[in-house]
1. Filter segment 1-19 down to the residues that are more than 19 Å from Asp48 (Cβ to Cβ) and of a type in the set (Lys, Arg), then identify the one that is surrounded by the most Cβ atoms within 10 Å (Cβ to Cβ).
2. May I ask you to list the residues in segment 44-64 that are under 13 Å from Leu85 (Cβ atoms) and β-branched (Val, Ile, Thr)?
3. Are any residues in segment 48-80 under 11 Å from the mean Cα position of the chain (by Cα), assigned to a helix (DSSP H, G or I) and closer than 15 Å to Glu91 by Cβ, and if so, which ones?
4. Please find, within segment 53-78, the residue that is surrounded by the most Cβ atoms within 10 Å (Cβ to Cβ) out of those that are charged (D, E, K, R) and over 15 Å from Asp99 (Cβ atoms).
Amino acid sequence: MTRRTKLQQMLEKSPQDTFLNFGLAMELAKEGHTEEALAQFDRVLQIDPSYLTAYFQKGSTLINAGRVPDARTALSAGIAAARTLGDSHTESEMQAMLDTLG
């Protein structure tokens, strides 16, 4: 049984679990299922808009897919969320990634 299958089975029992949804998003991204991964990152952020790592990883996935304008949007949203939460460390990490996009 693959990691993805295990995560999907666990999500059947706990569909609102942020960590499991994030894990599935990461697994989908790792497998190259970009659109599914992006939808799953959006699901994570719908469940918990303060899950800052999802913004960062969504931005990274978009960059890897060559979708730089979309990555800018995702990272900017993450920066705003981090600022609201007072998480300057995560804000600076996303800003650094955003800055590399020119």
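What follows is calculated from the coordinates using simple rules that are stated; it is not laboratory data. As the structure is a computational prediction, the values presented were derived from the model and not from experiment. Cβ atoms come from the backbone with ideal geometry, glycine included; neighbour counts cover every protein chain shown.
1. So, considering only residues that are more than 19 Å from Asp48 (Cβ to Cβ) and of a type in the set (Lys, Arg), the one surrounded by the most Cβ atoms within 10 Å (Cβ to Cβ) is Arg4.
2. Within segment 44-64, just Thr53 meets the criteria.
3. Leu52, Thr53, Ala54, Tyr55, Phe56, Gly59, Ala74, Leu75, Gly78
4. Going through the qualifying residues, I end up with Lys58.
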